[in-house]
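Single-structure report; data block below.
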Amino acid sequence: MQDWINGKIIDETEEGYIILMPKAEEVKEFNISECLIKLQSPSLITEEQRKKAWVLIGDIAEGTNRIGRFKDAVHKEMKQMFCEQNYITRFSLSNCSREKATKYIEFLISYILKNDIPSEAANESYDDTTEKFLYARFMSNKCMICDADCSRYINVDDVIEKDVAPGTLEKGDKIYCLCDKHADYLLKKGKRIFEQVYILEPLVVGENMINKIKEGRN
Ligand SMILES: [Zn+2]
C-alpha cells in the first residue's frame, strides 16, 4: 500500500474543515479509525505537480526510446538543462518551491512540443492544435508563420493592431509573434485579412509566456 492517500478539503465550517478521502481500492481492507493530516506549505510543490512532472518525464523517456529505469536518467538530464537555461542550482521534485515546479513543468511541456514527442499530458494543457502550435513557436522564439526568428510582437487586442515591446505584455493580451516581413504584412493588411490568409487566431498571453519573456529569450 502506498504511504499517503490524498484527501482534500471540501468545506470549511465553524468547527473545522470537512475532508474527503477518496474510496481507493487498497483502503477497503483496512479498518480506518483515524488519520494524520499532512500540512503542506503553500509555497511548496504540490502532489499534483510532482505527478504531472513525472508523467511528462515518462513521455519524454518513451518518446526518445528510453523507457523503464531510464526515467531517472531522463529527469536528471532535463533538470540539468533546465538549471543551465535558468541559471539556477540543482533542486529536487520532493521539496522544491511551487513556483519552480510550475516552471519546470512548463519547460518539460515546451520540450515535448518542440521535439514533437507524443504526450497526452502535454496536450491537455493545449487542447487546440493551432494554439499548441503557436505556443510552441512562441516558446522557441520563432515567427508564427515562417521559419525566421520572431523579432516583433503584435498586440491585436485593441481596435487597431500595434507593435508592442515584449516587456509590456500582460496576461490575457492577444498577440502574434512574427518576423519583420509578416509583422509588416499584418499591420498593412489588418487583422481580419491576415487571419483569413493564414487561418490563424491570436495566442492569448499566459503567465508562463510572461515568465519566459522576463527570463530573456533563450
Ligand atoms: Zn515570418
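Only the coordinates and a few stated rules stand behind these numbers; no lab work does. Everything quoted here is computed from the prediction, not taken from an experiment. When we count neighbours, we look across all protein chains shown, and the Cβ atoms used for this are built from the backbone with ideal geometry, even at glycine.
Couple of notes before you dig in:
- The long axis of helix 98-114 is offset from the longest Cα principal axis of the chain by roughly 50 degrees.
- Cβ-based charge dipole, the chain, positive-most Cα from ASN208, ILE19, PHE30: ASN208
- Rounded to the nearest 20, the Cβ-based charge dipole of the chain about its Cα centre (Lys and Arg +1, Asp and Glu -1) stands at 900 debye.
- Rounded to 10°, Cα long-axis angle of helix 71-86 versus longest principal axis of the chain: 50 degrees
- Pair LYS214, PHE133: separation of 7 Å Cα→Cβ label points (nm): 3.1 nm
- Cross-link table LYS52/LYS142; LYS79/LYS181; LYS100/LYS188; LYS51/LYS214; LYS38/LYS174; LYS51/LYS114, entries beyond 30 Å C-alpha to C-alpha: LYS79/LYS181; LYS100/LYS188; LYS38/LYS174
- Under the Karplus curve 6.51 cos²θ - 1.76 cosθ + 1.60, θ = phi - 60°, whole-Hz ³J(HN,Hα) for the range 50-60, x wherever Gly or Pro sits: 4, 4, 4, 4, 5, 5, 5, 4, x, 5, 5
- The equivalent ellipsoid of the range 143-205 has semi-axes of 16, 14, 11 Å, largest first, where each one is the square root of 5 times an eigenvalue of the Cα gyration tensor.
- Based on the reciprocal of the average 1/r between different C-alpha atoms, the Kirkwood radius for the range 106-216 equals 14.2 Å.
- Across the chain: Cys residues that no other cysteine approaches within a C-beta distance under 4.7 Å: CYS35, CYS83, CYS96, CYS146
- Cα centroid separation - the range 101-176 against the range 191-207, whole Å: 12 Å
- Stretchable slack from GLN80 to GLU207, in nm (0.36 nm times residue separation minus alpha-carbon distance): 43.4 nm
- Here the range 143-205 is treated with +1 on each Lys and Arg Cβ and -1 on each Asp and Glu Cβ, and its dipole about the Cα centre works out to around 180 debye.
- Across the chain, the fraction of Cα-Cα pairs farther apart than 32 Å, rounded to a whole number, is 35%.
- Full extension of the chain between ILE37 and ILE19 gives 5.5 nm of extra length, using 0.36 nm per residue less the Cα-Cα distance.
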